[in-house]
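Below is one structure, written out as structure tokens, with a few remarks after it.
The values are calculated or read from the model by the stated rules, or taken from the named source; none is laboratory data. Since this is a predicted model, take the numbers as computed values, not measurements. Quick reminder, even Gly has a Cβ in these numbers, built from the backbone with ideal geometry, and neighbours come from all protein chains shown. Surface accessibility is based on the protein's heavy atoms, side chains included, excluding ligands, DNA and RNA. Shrake-Rupley method; radii C 1.70, N 1.55, O 1.52, S 1.80 Å.
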Amino acid sequence: MPTLPNFQLLRPLKASDAVALRGQNPASRFLAGGTDLMPNIRHGLATPDVLIDLGNISELREMREADSTLRIGAGVTLATIANDPRVVARLPALAQAAVCVAGPTHRTMATLGGNLCLDTRCQYYNQSEPWREGIQYCMKLDGDTCRVAKKSKRCWAAFSGDVAPALMVLGAQVDILGPTGLRRIPIQSLYRDDGMNWLTLTADELLVAISVPFDDTRTSAYQKLRTRGSIDFAIAGVAVSLRRDRDAILDLRVACTGVSSAPFLIDGLQELSGKNLDEAGRTTIAARIEDACRPMKTTLTDVLYRHDVIPVLTLRLLQGLWERV
Ligand SMILES: Cc1cc2nc3c(=O)[nH]c(=O)nc-3n(C[C@H](O)[C@H](O)[C@H](O)COP(=O)(O)OP(=O)(O)OC[C@H]3O[C@@H](n4cnc5c(N)ncnc54)[C@H](O)[C@@H]3O)c2cc1C
Ligand code: SF4
């Protein structure tokens, strides 16, 4: 295992101080649980000279309920979220996504904010320095060619966080603190489909909290496929949420992860509102997903398999929700 390079560790007590420190230190990074950032620093994928530890900022670790909304601080751990009785009972997709991130010890350190801001991943990038030197690097870091698509002008590294799609189908909003104050955006606006620049945050913006509405007319679920069930990142992951009235779909949302540089909601499902989940409905859903999911060869797993498995996972999850309502 490569050794860690030297860095200065700053430990602010307030979110606004963390933002100010980030602005004063251009080559710095925020450090939450460190379960993504520290391995990346060891591999030479990030080279900050200053780390701004968010662990002493108590406001980031608050979780509170008001006006039928659960506000979860960005520093709350995934273990806390997965075990919270309100999340388990009323926001099941979120609990199911949080509990399948990495392994149990990771989840006691890993935070919601770190999970949402996770680096994108690629088989040619998440490697040691000597390995990457052997292929003369790639466009995402130190090189000029994409090894996945040689003529491509963009990077296709995949966002593989589990929690973002669950929050998307639950209609979550994100509070972001920057030098000029606080702003709030829908979670899907946090991302862009670009493996090198996948977050819409500026460098000195801090994610402070995520607000998720409780909507007890909606059921939800999350499932991912991974190579080893105990620890791996998603090869493909799907979150589904459903509102149903007797035999009619009222509202259906599907979001995917692991198959592009940003997690995303599937468009075009509104046309199913008022319809039954019959064969025609299933065919429409599968077609919308197949059109939207275009994975590239960023993992060892076959691209066609990742493409074809997403509609299968979705229809299985949806059938389970349909029968449960
Ligand atoms: C073996 C292994 C398996 C893993 N498996 C999975 C998996 O199955 N699913 C999955 O989703 N992830 C997985 N991960 C990645 C990681 O463990 C999780 O995504 C974790 O939730 C990251 O959170 P963290 O608090 O540790 O983030 P950190 O590593 O501290 O930070 C991650 C990034 O987010 C930024 N950041 C952190 N907090 C904020 C904030 N509040 N505002 C702005 N930026 C911020 C940091 O600067 C950094 O760039 C795995 C990691 C390892 C090593
Ligand atoms: S998709 Fe291309 S540019 Fe991006 S990390 Fe992979 S090989 Fe590098």
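List of remarks:
- Secondary-structure-derived ellipticity at 222 nm for the chain, considering helices only, amounts to -8000 deg cm²/dmol, per-run term -39500 (n - 2.57) for DSSP H runs with n ≥ 4.
- Residues of the chain: accessible area per residue with a 1.4 Å probe, Å²: 46
- Of the accessible area of the chain, computed with a 1.4 Å probe over protein heavy atoms only, carbon and sulfur atoms account for 52 percent.
- Kirkwood Rh in Å, taken over segment 210-325 so that all alpha-carbon pairs contribute: 14.8
- Where trypsin sites (Lys or Arg not before Pro) fall in DSSP loop in segment 199-237, at most 12 other Cβ within 10 Å: ARG228
- Under the combined filter of DSSP loop state and at most 13 neighbouring Cβ atoms within 10 Å, segment 181-281 retains none of its chymotrypsin sites (Phe, Trp or Tyr not before Pro).
- Cα gyration tensor, segment 139-248 - rounded (a/c under 1.5), prolate or oblate: oblate
- Electrostatic tally near LEU9: other residues with Cβ closer than 12 Å to its Cβ, Lys and Arg +1, Asp and Glu -1, net 0.
- Cα gyration tensor shape of the chain, rounded if a/c is under 1.5, else prolate or oblate by comparing a/b with b/c: oblate
- Compared with the direct C-alpha span, the chain from LEU300 to ALA203 gains 31.8 nm at full extension, assuming 0.36 nm per residue.
- Using θ = phi - 60° in the Karplus curve 6.51 cos²θ - 1.76 cosθ + 1.60, the 3J(HN,Hα) couplings for segment 193-208 round to 7, 8, x, 9, 8, 8, 10, 8, 5, 7, 4, 9, 9, 10, 7, 9 Hz; x is entered for Gly and Pro.
- The residues packed around PHE30, meaning those with a beta-carbon under 11 Å from its beta-carbon, carry a net charge of -1 if Lys and Arg are +1 and Asp and Glu are -1.
- Sequence-distant lysines (8 or more away, or on other chains) whose Cα lies within less than 20 Å of LYS224: LYS297
- Segment 125-163: trypsin sites (Lys or Arg not before Pro) in DSSP loop, at most 10 other beta carbons within 10 Å: LYS150, LYS151, LYS153
- Cβ-based net charge around ALA262, under 10 Å, with every Lys or Arg adding one and every Asp or Glu removing one: -1
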